[in-house]
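First up is the structure itself, then whatever we jot down about it.
Read the figures in this text as sums done on the coordinates, not as results from a lab. Since the structure is predicted, the reported quantities are computational estimates derived from the model, not experimental observations. As a convention, Cβ positions derive from the backbone with ideal geometry for all residues, glycine included, and neighbour counts pool all protein chains shown.
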Amino acid sequence: MQQSRAAVAFINIGHSVDHMFMLIFPTAVLGMGAEFGRDYGALLALSLGGFVAFGAGSLPAGWLGDRWSRRNMMAVFFLGIGAAAVLTGFSRSPVALAAGLTLIGLFAAIYHPVGTAMLVAHADRLGRALSTNAVWGNFGVAFAALMTGALTEWLGWRYAFIVPGALAILFGLAFLALVPNGSRGGARPVRHNGGTIPRAVVLRAFLVLAVVTIAGGIVFNAITVSLPKLFDERLVSLTGSSFGIGALVAAVYTVGAVAQLLVGRYVDRHPLRTVFIPLAILQAPCLLLAAYSSDWLLVALAAGVVFAIFGQVVINDAMVARYTDDHWRARAYSVRYLVSFGASAAAVPLVALLHGDAGGFGETYLVLAAFGLAVFLGALAFPHRPDELMPAPQPAE
């Protein structure tokens, strides 16, 4: 039990590390223009390789987690992403910077298929476990903007990579010392559905999952990548430094933590469709209005979007958990995250291109509103199963 608690603690810490490292660059880039001689769009495009690797690497990571060792893969995650971040901090050219960001994305790809499968295997209450883990991920998103803004403002952008990289390596060493290698000892069977699910229902659920994963992945990544720059452009009267922008972005992301806790609580008590529809309806209207807003109204709309997209993460992970078996769940999550992060990689050139062509984020957020509408339509199509929360029959001992 003690080992299980230690494993879950590191899994949650890993979620913070994963999202934080993937979002260091979108804030650090605000302080890189003078050194590299490139504008925002050109520099942001350098992160594309990292986001592609973030998606593509999830498939082999999930396979290795199931076939080799989830514990060892998590150790590789901590140590590898830390070393990659330190190397990125020493980049002297755009090519080296792009290579470092790609390496960060490759190691970051390990976490979601492997860490989420480990978490679900130890979950007693699925919604609570997923929502708590999601909040830790949200802390990473929020802390990325806050920490990166502070380090960039006071020490320079290089330390925004080097300092957290060193901390991740220390976490990896502690993980190896406190979480022994072995089987899934202590893992609990997930009992969150009412026995055998009709094949047509499973197929419909996974088709919906595919649609909302693609559309939601693009919206999620575009928002998290663009929000620091959006606030930098439209909240000039409210912020005057990288740290101020980072702090405001972090405050908005805190709203996402609230969403994840609420969604996790309701997922344990209600069928997924009942929770998903009210959440999905927020995205398109908030994104549409954000395209034309500024100042505090923009902050409020951004908080609404973040509430919806962060809450949806819990819904998507619960879909996979309720429709898969533990023996191949890491591979199922790897496919889910391959689709999600593969689609979300398109958000980087989308933001860079539309921002450069239009001279701002108006057109970008109109396009994102269309993807938000697709998420809502997917929620309407998701199967309704009142028996979803009934415990499955337990085998005789």
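Distance between the pseudo-spin-label points of Ala200 and Ala42 (7 Å out from Cα toward the beta carbon): 5.7 nm. Ordered by the number of other Cβ atoms lying within 10 Å of each residue's own Cβ, fewest first, Thr213, Thr148 fall into the sequence Thr213, Thr148. Residues His270, His384, His112, His15, arranged from fewest to most other Cβ atoms within 10 angstrom of their Cβ, appear as His384, His270, His15, His112.
Treating r as the C-beta distance of Trp68 and Arg265 and R0 as 35 Å, the FRET efficiency rounds to 0.50.
Overall form of region 252-366: oblate. Here a/c, set by the Cα gyration tensor axes a ≥ b ≥ c, is 1.5 or more, and a/b is not larger than b/c. Region 129-149 and region 14-92 have Cα centres spaced 15 Å apart.
Relative to the longest principal axis of the Cα atoms of the chain, the long axis of helix 362-381 makes an angle of roughly 10 degrees.
Treating the angle as unsigned and between 0 and 90°, give the value, to the nearest 10°, between the Cα long axis of helix 111-121 and the longest Cα principal axis of the chain. Computed tilt is about 30 degrees. Using only Cα atoms, find the angle between the long axis of helix 329-345 and the longest principal axis of the chain, and express it within 0 to 90 degrees, rounded to the nearest 10. Between helix and principal axis, roughly 20 degrees.
Panel order for Leu297, Leu366, by other beta carbons found within 10 Å of each beta carbon, from fewest to most: Leu297, Leu366.
Magnitude of the charge dipole for region 2-383, about its Cα centre and with charges confined to Cβ atoms of Lys, Arg (+1) and Asp, Glu (-1), is about 1340 debye. Across region 2-383, the relative contact order, built from alpha-carbon pairs under 8 Å that are at least six residues apart, equals 28 percent. Taking 0.36 nm per residue of separation and subtracting the current Cα-Cα distance, fully stretching the chain between Arg92 and Leu297 would add 69.9 nm. With the simple model of a label 7 Å out from the Cα in the direction of the Cβ, Leu167 to Ile277 spans 4.2 nm. The radius of gyration of the Cα set in region 2-383, together with its Dmax, comes out at 19.5, 60 angstrom.
Placing unit charges on the Cβ atoms of the charged side chains and taking the dipole of the chain about its Cα centre, the candidate lying farthest along the positive direction among Val8, Leu146, Ala84 is Val8.
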